[in-house]
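Asker: Attaching a single structure in structure tokens format; questions to follow.
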Amino acid sequence: MFKASKSVVGLDIGSSAVKAVELTQAGKDLQVTGFGQIELTSEDPADCVEAVGNLLKEGGFRTKSVVTSVSGKMVIVRHLNMVAMNDDELRNAIIFEAEKYIPFTLDECVLDCQRLGDAEAGANTDVLLVAVKDTVLDHHIGICQKAGVTPEIVDIDAFALGNAYELVAGDAALADDVVAFVDVGASKTSLSIVRAGSALFTREIYFGGNDFTSSIARKLGVDEVQAEHLKRSPGEDYEAVKEAAFPTIDDLGNELQLSFDYFESQHGNTVDKIMLSGGSSRLSFFRESFERIFEKPTAIFNPFEGISVCDDIDQDLLASSGPQLVVAAGLASRIRKA
């Protein structure tokens, strides 16, 4: 799919910002050759189109080969256990299975499935089912096209998290460790639990950085603009901001723990470590809070660690922006699977 181009841009269109990362094939290795992000000032689709267009024009990217992703309540991901069958049989059977799990009619959505691993003779097989409502897909692709690009692949946010980990960890990502990727955005948190390169559980929790901002505003008696500034740069108010945000972080932790418990009951495996990303993960006390809540090793995920970077890129800025660019980096890493 990317044969004519040696570069791919991963384009992450979020609720509060648009972000992009370009990866280029450099011999056998990949190199970061461009990145950028622009914050959105409103929910107006026209403003989003303008931001995407400006980002792609001003980012100095080498290619128009774009991979993007969708998320939200109209994106359905289910892990099914089905009788082993060949690919043609699976494609036919999944239509009937999908009706049990999708809260809208099949003629309103785009449906896809993927077998996870090889089943032993006579055994059932695990199948990943994905359905996206047509209107969500059309809206997302429409934004890209109005901004001057047509995506070559549309992925799912949660899957991009695991792909970003493979980009950094290489063969180590295929180990049997169970890793929970927690990407905390402005309005939602994406969770993907991965083992040996396969996403075994995904969930979106509608709880994110905006909730932390609101909590800080209420506790400290300031407006939302001031609270957002304090959240990003607490300075001498660090302890007060930390105390104000803790109850909300605990609320998110409780939701994640419910997901971990469900995953562990279904798969018989426990989560070994947590990788945090997203803008809110940059809060200095966020990782510390998660380690306290879950009593598991927790790290901030930098998707560019160990990856070659083009000489004209500000490496310090790239590293500091890394946790916010995990989805975009995971989308761009699709170049490895071309």
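Quick note: the coordinates plus some simple rules give every number you see, no bench work behind them. The structure displayed is predicted, hence computed values, not measured ones. Every residue, glycine among them, receives a Cβ derived from its backbone with ideal geometry; neighbour counts consider all protein chains shown.
Asker: Would you mind checking the pairs K73/K100; K73/K296; K188/K296; K188/K337; K73/K133 and listing those with alpha carbons more than 19 angstrom apart?
Answerer: Those over the limit are K73/K296; K188/K296; K188/K337.
Asker: Apply the Debye scattering formula to region 200-338, with a single equal point scatterer on each alpha-carbon and no solvent, then give log10 I(q)/I(0) at q = 0.09, 0.11, 0.13, 0.18 Å⁻¹.
Answerer: Here log10 of I(q) over I(0) equals -0.34, -0.50, -0.69, -1.14.
Asker: Would you mind telling me the antiparallel percentage of the DSSP bridges in region 21-142, rounded to 5?
Answerer: For region 21-142, the DSSP antiparallel bridge percentage is about 100.
Asker: Right, next: Equivalent-ellipsoid semi-axes (√(5λ), Cα gyration tensor) for the chain, whole Å, largest first?
Answerer: 31, 26, 21
Asker: Sequence neighbours fewer than 8 away in the same chain don't count; with that in mind, list the aspartates and glutamates whose C-alpha is under 14 Å from K57.
Answerer: E22
Asker: Still on this model: Label points 7 Å out from Cα along the Cβ direction at D177 and A299: separation in nm?
Answerer: Output for this residue pair reads 0.6 nm.
Asker: Mean separation of Cα pairs under 8 Å and 6+ residues apart, divided by the residue count of the chain: what relative contact order is that in percent?
Answerer: 21 percent
Asker: Could you calculate the contour length gain from E239 to R292, that is, 0.36 nm times the residue separation minus the distance between their Cα atoms, to one decimal place in nm?
Answerer: Residue separation times 0.36 nm, minus the Cα-Cα distance, leaves 17.4 nm.
Asker: For the chain, what does -39500 (n - 2.57) per DSSP helix run (n ≥ 4), summed and divided by total residues, give at 222 nm, in deg cm²/dmol to the nearest 500?
Answerer: -11500 deg cm²/dmol
Asker: So, one more: For region 196-282, which chymotrypsin sites (Phe, Trp or Tyr not before Pro) are both in a DSSP coil and crowded by at most 11 other Cβ atoms within 10 Å?
Answerer: Here the chymotrypsin sites (Phe, Trp or Tyr not before Pro) that fit, given the DSSP loop and packing criteria, are Y206.
Asker: OK, next. Please compute the length gained on full extension between D223 and T150, using 0.36 nm multiplied by the number of residues separating them and subtracting their Cα-Cα distance.
Answerer: Separation in residues times 0.36 nm, less the Cα-Cα distance, equals 22.3 nm.
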